[in-house]
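Have a look at the structure below, then the notes.
The values are calculated or read from the model by the stated rules, or taken from the named source; none is laboratory data. Everything numeric here is computed off the predicted structure, so don't read it as measured data. Virtual Cβ from ideal backbone geometry, glycine too; neighbours counted across all protein chains shown. Areas reflect the complete protein model, heavy atoms only, side chains present, ligands, DNA and RNA absent. Shrake-Rupley method; radii C 1.70, N 1.55, O 1.52, S 1.80 Å.
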2 protein chains.
Amino acid sequence: MQFNINSALQILERTPGVVETMLENLPDEWIMNNEGGDSWSAYDVVGHYIHGEKTDWIPRMQIILSDNKEKQFAPFDRFAQFSDNKGKSLGELIAEFKKSRNENLQYLKSIRFSDELLNRTGIHPKFGSVTLKQLLSTWVVHDLTHIYQISRVMAKQYESEVGPWKEFLGVLNDR
Amino acid sequence: MQFNINSALQILERTPGVVETMLENLPDEWIMNNEGGDSWSAYDVVGHYIHGEKTDWIPRMQIILSDNKEKQFAPFDRFAQFSDNKGKSLGELIAEFKKSRNENLQYLKSIRFSDELLNRTGIHPKFGSVTLKQLLSTWVVHDLTHIYQISRVMAKQYESEVGPWKEFLGVLNDR
């Protein structure tokens, strides 16, 4: 499947609703537990989505599209949600994710995408030159990878309860 | 986290809505492609959920709770969806999943669960003796494992589009 802006929008538009449907009104035992060690809970993942909306996807797109010679992206802080969200409820985080995503979708829809535009580049701190098309594709896959993570983290809360079925449930053996 | 019927119902009640929010109105390129070979598409997974509602979870629970001496479960057909669903749209399958799940939730809510009841056993074709509590826990984890699978299958459709970011996106390297 090749990237096009419409197929990307089909996923980006629905992710906050998917996260809300998965998590709204669940008690803390489903949303605040993690996979052990310094892994993330479902709550942490929602905070990570918000930080991406504010500092990653659109700011990097704007660097690519700017007239500046300097196209270097700022590094993304994968742990910002731990300091940003102290004291906020999951409901508040989901509302914030929805609002930020909506603003970003409005911006995306204001752009006339062309092959020329999608092939413009910025400089990633690790990978070097990357295209706008790769950045936007990554945004889509990033949405899905964290739905993947949320479902795995939740599944693991029942790991000891499934008895011998664990063998059939691949999710319990992934990390 | 230990199994209890309320925490299990919190997940079982929402899964059809999660699947609907993830997939409704998507074009075939997102829902009909798989991970290659004989792996499953998102569409196939929805058919698999329906087959589980009809032949797996509640029928096995009823074997455990019956007065019959014979407690052997029928083997579950993991490929039934390929013959059952020919010609049906994804929207039809989601509606069927919702209806079947609702009926099964009504039945579950009609039962007075006690520790004695949850520890009753049936005979799994491979594992031998398993408890009702393990069966119901597995139903919950099974719901989550297939949300996990759907998000992975969809993510992989953009695998070649993300360029060097593939390295950061674990979902693209799982199977």
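Suppose we keep only residues that are β-branched (Val, Ile, Thr) and more than 22 Å from residue A:32 (Cα to Cα) within the stretch A:131-175. Which one would you say is farthest from the chain's Cα centre (by Cα)? Full working, then the answer.
So in the stretch A:131-175, the residues β-branched (Val, Ile, Thr) come out as A:131, A:138, A:140-141, A:145, A:147, A:150, A:153, A:162, A:171.
Checking which are more than 22 Å from residue A:32 (Cα to Cα) leaves us with A:131, A:138, A:140-141.
Values: A:131: 19, A:138: 9, A:140: 8, A:141: 8 Å.
In this case the residue turns out to be A:131.
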Give the stretch A:65-83 a look and list any residue that's surrounded by fewer than 19 Cβ atoms within 10 Å (Cβ to Cβ) and outside any loop (DSSP other than H, G, I, E, B), or say none. A:65, A:72, A:80, A:82, A:83
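Taking the stated definitions as given, is residue A:75 closer than 23 Å to residue A:124 by Cα and within 14 Å of chain B (Cβ to nearest Cβ)? Talk me through it step by step, then tell me what you get.
Working: closer than 23 Å to residue A:124 by Cα: yes; within 14 Å of chain B (Cβ to nearest Cβ): yes.
Yes.
What helices (runs of 4 or more DSSP H) completely inside the stretch A:1-60 contain at least 2 residues that are open to solvent by less than 50 Å² (accessible area, probe 1.4 Å), among the small types (Gly, Ala, Ser) and under 26 Å from residue A:121 (Cβ atoms)? It would help to see each step written out before you state the result.
On the way: elements: A:5-12, A:15-23, A:28-31, A:42-55.
Qualifying helices (runs of 4 or more DSSP H): A:5-12.
Kindly provide the set of residues from the stretch A:93-110 that are more than 17 Å from the chain's Cα centre (by Cα) and without any contact (Cβ under 8 Å) to a residue 24 or more places away in the chain, ordered by number. Spell out how you get there, then give the answer.
First pass over the stretch A:93-110, keeping only residues more than 17 Å from the chain's Cα centre (by Cα): A:106-107, A:109-110.
Matches in the stretch A:93-110: A:106, A:110.
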Mind listing whichever residues of the stretch A:5-42 are more than 10 Å from chain B (Cβ to nearest Cβ) and over 15 Å from the mean Cα position of the chain (by Cα)? A:5, A:28, A:31, A:32, A:34, A:35, A:36, A:37, A:38, A:39
Does the stretch A:138-175 hold any residues that are among the small types (Gly, Ala, Ser) and at pLDDT 95 or above, and which are they? A:151, A:155, A:160, A:163
